[in-house]
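In what follows, a structure is listed as structure tokens, so that the remarks can point back to it.
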Amino acid sequence: MHITTERPDTRQGPAENFTGTVWLDEPAAPAAPSRLRMFSVRFAPGAHTAWHRHPHGQVPHVLEGEGLVRRRGGEPAAIHAGDTVWTEPGEWHWHGAGPRTFMTHLAVMEAAEDGTTAERHEHVTDYPA
Ligand code: MN
């Protein structure tokens, strides 16, 4: 057992992966053989990810605020504090804050064998305003 009391500094989400202001914390990064990855992602109003997909899927669990999620071929869906999303392995999607609200979600996923957790595609060009 290990209790983490210090963790890396909060860092800003890189512009190639996000639009708008996004802050990332990594509350846990267990050593191999675990491939669990966990991020707390704080989106400012209107901020959102680019289109992307996860090799083994992802569980975004909304901790605070209201946001939107969309899968390729679907319509934007509202998500609220307490909601849990499951994105299928390889399913292209985006997620982010509502246009006038903050949104924080915990993002839980399993890394691929090479350590990657996401494949990025283009930025979202029609995010709801
Ligand atoms: Mn995702």
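The values are calculated or read from the model by the stated rules, or taken from the named source; none is laboratory data. Values in this document were obtained by computation on a predicted structure and should not be read as measured data. Positions of Cβ are generated from backbone atoms using ideal geometry, with glycine treated the same way; all protein chains shown enter the neighbour counts. For accessibility, only protein heavy atoms count, side chains too; no ligands or nucleic acids. Shrake-Rupley method; radii C 1.70, N 1.55, O 1.52, S 1.80 Å.
Data for the structure
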{"read-out": "Out of Glu26, Glu66, sole residue that is assigned to a strand (DSSP E or B) and open to solvent by 80 Å² or more (accessible area, probe 1.4 Å)", "value": "Glu66"}
{"read-out": "Whichever residue in the stretch 93-114 is assigned to a loop (DSSP other than H, G, I, E, B) and more than 16 Å from His52 (Cα to Cα) and, among such residues, is farthest from the ligand (Cβ to nearest atom)", "value": "Arg100"}
{"read-out": "Restricting the stretch 11-23 to residues that are in contact (Cβ under 8 Å) with a residue 40 or more places away in the chain and more than 15 Å from Met103 (Cα to Cα), the residue that is least open to solvent (accessible area, probe 1.4 Å)", "value": "Asn17"}
{"read-out": "Any pair with Cβ under 8 angstrom, 6 or more apart, that starts in the stretch 33-59 at a residue that is touching a residue at least 24 places away in the same chain (Cβ under 8 Å) and under 18 Å from Pro89 (Cα atoms) and ends at one that is within 11 Å of the ligand (Cβ to nearest atom) and of a type in the set (Lys, Arg)", "value": "Ala50/Arg120; Trp51/Arg120; His52/Arg120"}
{"read-out": "Residue list for the stretch 63-78, filter: in contact (Cβ under 8 Å) with a residue 12 or more places away in the chain and closer than 29 Å to Glu113 by Cβ", "value": "Val69, Arg70, Arg71, Arg72"}
{"read-out": "Which listed residue is at pLDDT 95 or above and away from the ligand (no atom under 16 Å from the Cβ), from Glu64, Glu6", "value": "Glu64"}
{"read-out": "Identity of the residue in the stretch 69-92, part of a strand (DSSP E or B) and aliphatic (A, V, I, L, M), that ends up farthest from the ligand (Cβ to nearest atom)", "value": "Ala78"}
